[in-house]
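Only one structure is covered here, and it is reproduced in the block below.
The values are calculated or read from the model by the stated rules, or taken from the named source; none is laboratory data. Because the structure is a prediction, the values reported are computed rather than measured. All Cβ positions, even for glycine, are placed from backbone atoms using ideal geometry, and neighbour counts span all protein chains on display.
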């Protein structure tokens, strides 16, 4: 795979900042749609406040070149973070290209139990948010419609992670909320949709809690 000029320029900038402390530089999620900021990660032996200042001085140039702000980790951090951020780092492991240095991820993998735990946390958080936010609507249908619309994108992310566990999560109410894509339903639709939506999220949370690979 060819290296985009913007990524090569970023590698040179980071090399100027970190010198021989930069052990690896990778491009990840390279298969994302065109126009999406390119995501990169640098693994360094040490990271100081001064290094962050130097990066901050260049970040506008990087962003204008179509790059996301690079993720910078000290060498020991990535492997020890897999259990805390299994989905985020698992996505990197699934789609990355080494641009410079050694492969920092050789031999690393995400444990299925960490994926299940992270998914349960995400599901329980979604469920609790729906309950709390419903109370805060004060019974107003327009506010409920806004709540459902805003919750559709987080729900989509949750269901994507459920699928990565190998679980099935098909439910008509969940499908209807996902189809909103961030847009609010009508007030009448919201009143009809919320009870089965809430029940489906509760059932999904219980299913994830009991799931074993």
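Taking the criterion of being more than 20 Å from residue 165 (Cβ to Cβ) and at pLDDT 95 or above, the residues of region 104-134 that qualify are 128, 129, 130, 131, 132, 133, 134. In the condition set (1) outside any loop (DSSP other than H, G, I, E, B); (2) under 30 Å from residue 119 (Cβ atoms); (3) free of Cβ contacts under 8 Å to residues at least 24 places away in the same chain, residue 42 is compliant with all but (3).
In the set (1) farther than 20 Å from residue 154 by Cβ; (2) free of Cβ contacts under 8 Å to residues at least 24 places away in the same chain, the condition left unmet by residue 27 is number (2). Of the residues making up region 99-138, those that are under 19 Å from the mean Cα position of the chain (by Cα), over 30 Å from residue 23 (Cβ atoms) and surrounded by fewer than 14 Cβ atoms within 10 Å (Cβ to Cβ) are 121, 125.
Residues of region 165-197 that are in contact (Cβ under 8 Å) with a residue 40 or more places away in the chain and over 15 Å from residue 146 (Cα atoms): 165, 166, 167. Restricting 152, 141 to residues that are under 22 Å from residue 88 (Cβ atoms), at pLDDT 95 or above and surrounded by 15 or more Cβ atoms within 10 Å (Cβ to Cβ) narrows the list to 152.
Could you count how many residues in region 18-58 are out of contact with any strand residue (DSSP E or B) (no Cβ under 9 Å at 6 or more places or on another chain) and at pLDDT 95 or above? Qualifying residue count for the region: 10.
Of all the residues in region 14-28, those that are surrounded by fewer than 17 Cβ atoms within 10 Å (Cβ to Cβ) and under 26 Å from the mean Cα position of the chain (by Cα) number 1.
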